[in-house]
Amino acid sequence: MAISREQVEHVAHLARLGLDDDEIDRLQQQLSQILGHMQALDAVDTSAIPPTAQVIPLHSVMRDDAVRPSLPTDEVLRNAPRREGNFFKVPPVLE
Amino acid sequence: MELTDLTVVGALRELRGGAISSEDLTRAYLDRIDRLDKGLVQAYVTVTPELALDQARAADARRAAGEDAPLLGVPMALKDLALTRGIRTTCGSKMLENFVPVEDATLTTKLYDAGAVLLGKTNMDEFAMGSSTENSAFFPTRNPWGDLSRVPGGSSGGSAAAVAARLAPFAIGSDTGGSIRQPASLCGVVGFKPTYGRVSRYGLIAFASSLDQFGPLTADVADCALITEVIAGHDPKDSTSLDVAVPRYGDTLTGDLRGMRIGVPKEYFVAGMEPGVDSQIRAALDVLRGLGADLGQVSLPHTDYGLAAYYLIAPAECSANLARYDGVKYGFSAGAERMLDNYYQTRGNGFGSEVKRRIMLGTYALSSGYYDAYYLKAQKIRTLIKQDFDRAFERFDALVAPTSPTVAFKLGDKTDDPLAMYLSDVCTIPINLAGLPGLSVPCGLSDGLPVGLQVIGKPLDEATVLKVAHAYEQASGGPLPRPTLENATA
C-alpha cells in the first residue's frame, strides 16, 4: 500500500496541518506501512454486516429548551490568543 | 508505616477515627512529591500545593463539624486532560500549554464534592495518544519499578506512576484503547475502565469520543471500587452518559467466586507475548480455579482485526475532534497574518508527531474515495468484535486475559516504530471497541517487573469485574507491594 507524496500533501491540506519536507517524507513512509497493515481487514467479508458508530442504546438525547447562563465571557476570552473587546480577533479570511 | 503507604480505604479509616488529619496526609504527599517527582519519576505536569492545603484544611474543618463524605480529606491526582477550573490543563500538549479551563469536568466536580483534595495534574501522552507517556510535549514519566529506565505505559502513565510511587493515594486516568489498563499493568497498580457511558465525559478533553472513558488507578481493588462508585452516574451534560443506577460496589467484594463462569479467550495469548507474562497469567487462572470459579476456553474470532479497526476509528474521530485547535479561540497560536497560514502554522507547530500522524491517518480514512474502504469497513469490523463478546457472555459471567503482552519496556525502545508501539494495546483495544468494563489487577512479577491480569465484564456489570479482581487479589496474597524507590537519586 503505497501513498504518494501528493496524497500526503492533499490530506495535510484537508487537515490544515503545516508539514515540512522531512515530515512529509516520514509520513509518506509511515502511512504506507500502517495502511498496509490495515489491509488485513479486507480478508473479512462484511457485505452483510451493519456498521457500529457507538455501542450504547441511546439516540438523539433531548433536553428541555430552558434558558441557562452561559460561561462568563471575560473568562472565556482570557484563553484567546488575540481578542478585541468581547470578540475573538482573527486574521483576514478574504482579502 | 508512612502516611503515604495508606490505601484510600485505610486513609479514610484513620481520618474518620481522628488519628490523622487531611492536612497531615496532604503534606506527607506534597513532601514526597518534592523529594521524588522532579528529575526522578516525573509523574506530575503541575503540582497544586496551595490549593491542596486549602482543600485539606477545609476537609478537616468539615470533619471537625461532624460532617463526612465518601472521600473527605483524601488526596488525589488527575490526568491532565480532566478540566480543572482555574488550573492549567495541558493534555500533554504544547497546544494547551497555557490553557486555563473556565469550568470543571463533571468528574472533577464529583470528586471535589466527595471531599477529595487535588495534589496536581499528571503527565500523559499528548492528547492521550500513545502507550508509553513518551509522547508528552514536556517530559517522559519514568516507571517507579526497577532502575527508572523504563516507561510507565500510557497514555495515563503519570497517573499510574504516581500511584505506584505513592505520590498520590489514587489517580484518575482515561482509557480510549487501553490507556488506563496498560499503564496500570506496567506499574503494578489497579486500573479500571468502566463501561462506555458509565462515567460522564463532560470536561474530558476529547480524543475519540465513541471510545474515551474516565476511570481510576489505585493501589488495590477495594479502593478502585470506592472511586468508581464516586465518579459513576448519569450526567445531563454528556448525552452519551447512561441513566442507570450505580450499585454499591464495595458490597460486591465478597471473595466468593464459587460457580462463577469465567471465560479465557484463546486469541489473547498472542504471538509476541513474553513467556514470563504467559506463565503469570496461567498461574492466575489456577488461583481463580482454586477459588471455585468455573473456567473455560472461549474464542473471540475477530480479535486479530481489533488493532487495525481501532487505528482507523480512533484516528478518524481524533481528526474531527482536534479540528477545534485553530489558533483562534484558545490554545497555542502561531500568530500568522493570514487565516490559512495561521491554521497551518498553529497546527503544524502546536501538535507533536504522534498527534499529527493520527490526524493524517484519520483524515485519510475519512476522505473522499477512501471512506468506505477504511472507516466504514472498520466500523463493520467493530460490529463483529462486539458480537464476539455478546456470544461469549451468553456462556460466561466474566472473561480474563493478559492486559499487556509485555512488561514495562525501556524508554526509547519503541519511539521510532509506531506499529510496535500500537501492538502494546492489542489486548485492551477490543474492550473499548465493544464498550465493555475492563480492569487490570497486578498478578505477580516477570523479571522483577509487574504483570497485569485483565478482567472483562458485560456492559454495566462493573460489580462482577470488581468482584473477580478482588477475589483474585486477596487469594494471591494481597496487592503487589509498591516499589520503595530507596535507591532513586536525582
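A single entry from B:Y344, B:Y325, B:Y330 fulfils the requirement of being of a type in the set (F, W, Y) and in contact with a Pro (Cβ under 9 Å, 6 or more places away or on another chain): B:Y330.
Could you check segment B:345-354 and list, in sequence order, the residues that are facing chain A (nearest Cβ under 7 Å) and charged (D, E, K, R)?
If we filter segment B:345-354 for residues that are facing chain A (nearest Cβ under 7 Å), which is where we start, we get B:345, B:347-348.
Answer for segment B:345-354, where residues must be facing chain A (nearest Cβ under 7 Å) and charged (D, E, K, R): just B:R347.
Can you pull out the residues in segment B:83-117 that are charged (D, E, K, R) and assigned to a loop (DSSP other than H, G, I, E, B)?
Keep residues of segment B:83-117 that are charged (D, E, K, R), which gives B:85, B:88, B:94, B:97, B:103-104, B:110, B:113.
Hits for segment B:83-117 are B:R85, B:R88, B:E97, B:E103, B:D104.
Evaluation of B:R248 against the conditions (1) closer than 14 Å to B:A401 by Cα; (2) free of Cβ contacts under 8 Å to residues at least 60 places away in the same chain shows that the sole unmet condition is (1).
One residue stands out among those in segment A:57-84 that are in contact with a helix residue (DSSP H, G or I) (Cβ under 9 Å, 6 or more places away or on another chain) and more than 9 Å from chain B (Cβ to nearest Cβ): the one that is nearest to B:G331 (Cα to Cα), which is A:R83.
Looking across segment B:435-488, just one residue is among the hydroxyl-bearing types (S, T, Y), part of a loop (DSSP other than H, G, I, E, B) and touching a residue at least 60 places away in the same chain (Cβ under 8 Å), and that is B:S476. Just to be sure before I move on: is B:L361 more than 20 Å from B:A320 (Cβ to Cβ), within 11 Å of chain A (Cβ to nearest Cβ), surrounded by 24 or more Cβ atoms within 10 Å (Cβ to Cβ) and of a type outside the set (F, W, Y) in the structure I sent? Judged against the criteria, B:L361 is not a match. Restricted to segment B:330-344, and to residues there that are surrounded by 16 or more Cβ atoms within 10 Å (Cβ to Cβ) and within 7 Å of chain A (Cβ to nearest Cβ), the residue that is nearest to A:A80 (Cα to Cα) is B:Y330. A residue that is more than 24 Å from the chain's Cα centre (by Cα), in contact (Cβ under 8 Å) with a residue 12 or more places away in the chain, within 24 Å of B:G197 (Cβ to Cβ) and within 12 Å of another protein chain (Cβ to nearest Cβ) occurs somewhere in segment B:300-315.
The set of residues from segment B:4-22 being surrounded by fewer than 19 Cβ atoms within 10 Å (Cβ to Cβ) and assigned to a helix (DSSP H, G or I) comprises B:D5, B:V9, B:G10, B:R13, B:E14, B:R16, B:G17. Close contacts from segment B:73-85, counting a first residue that is within 20 Å of B:F207 (Cβ to Cβ) and a second that is part of a strand (DSSP E or B) and aromatic (F, W, Y), with Cβ to Cβ under 8 Å and a gap of 6+ residues or different chains, come to B:A77/B:Y44; B:A77/B:F170; B:A82/B:F214. On the stretch given as segment B:62-91, residues that are surrounded by fewer than 17 Cβ atoms within 10 Å (Cβ to Cβ) and not hydrophobic (A, V, I, L, M, F, W, C) total 7.
Which ones in segment A:24-56 are closer than 18 Å to B:I359 by Cα and either hydrophobic (A, V, I, L, M, F, W, C) or more than 7 Å from chain B (Cβ to nearest Cβ) (or both)? First the steps, then the outcome.
First, pick out the residues of segment A:24-56 that are closer than 18 Å to B:I359 by Cα: A:24-38.
Across segment A:24-56, the qualifying residues are A:I24, A:D25, A:R26, A:L27, A:Q28, A:Q29, A:L31, A:S32, A:I34, A:L35, A:G36, A:M38.
Among the residues of segment B:372-395, is there at least one that is modelled with pLDDT under 95 and more than 8 Å from chain A (Cβ to nearest Cβ)? Yes, segment B:372-395 has at least one match. For the condition aliphatic (A, V, I, L, M), more than 8 Å from every other protein chain (Cβ to nearest Cβ) and in contact with a strand residue (DSSP E or B) (Cβ under 8 Å, 6 or more places away or on another chain), B:L322 does not qualify. Regarding segment A:42-50, can at least one residue be identified that is touching a Phe, Trp or Tyr at 6+ places or on another chain (Cβ under 9 Å) and exposed (fewer than 13 other Cβ atoms within 10 Å of the Cβ)? Yes, segment A:42-50 contains at least one residue that is touching a Phe, Trp or Tyr at 6+ places or on another chain (Cβ under 9 Å) and exposed (fewer than 13 other Cβ atoms within 10 Å of the Cβ). Evaluation of A:V67 against the conditions (1) more than 30 Å from B:I431 (Cβ to Cβ); (2) β-branched (V, I, T); (3) surrounded by 11 or more Cβ atoms within 10 Å (Cβ to Cβ) shows that the sole unmet condition is (3). When B:D397, B:D461 are checked against the criterion of being touching a Ser or Thr at 6+ places or on another chain (Cβ under 7 Å), within 21 Å of B:T228 (Cβ to Cβ) and not aliphatic (A, V, I, L, M), a single residue qualifies: B:D397.
Selection of first residues in segment A:36-47 that are closer than 20 Å to B:Y364 by Cβ and of second residues that are of a type in the set (A, V, I, L, M, F, W, C) and in a helix (DSSP H, G or I), restricted to Cβ pairs under 6 Å at least 6 apart or on distinct chains, gives the following pairs, ordered by first then second residue: A:M38/B:A308; A:A40/B:A308; A:L41/B:A308; A:L41/B:I381.
When segment B:86-135 is limited to residues that are within 14 Å of chain A (Cβ to nearest Cβ) and basic (K, R), the one that is farthest from B:A58 (Cα to Cα) turns out to be B:K94. Pairs meeting the criteria (first residue in segment B:415-433 and free of Cβ contacts under 8 Å to residues at least 60 places away in the same chain, second residue assigned to a helix (DSSP H, G or I) and surrounded by 22 or more Cβ atoms within 10 Å (Cβ to Cβ), beta carbons under 8 Å, at least 6 apart or on different chains) are B:L419/A:I34.
The values are calculated or read from the model by the stated rules, or taken from the named source; none is laboratory data. Bear in mind that the values here come from a model prediction, so they are computed numbers and not experimental data. Note: ideal-geometry Cβ built from the backbone for every residue, glycine included; neighbour counts use all protein chains shown.
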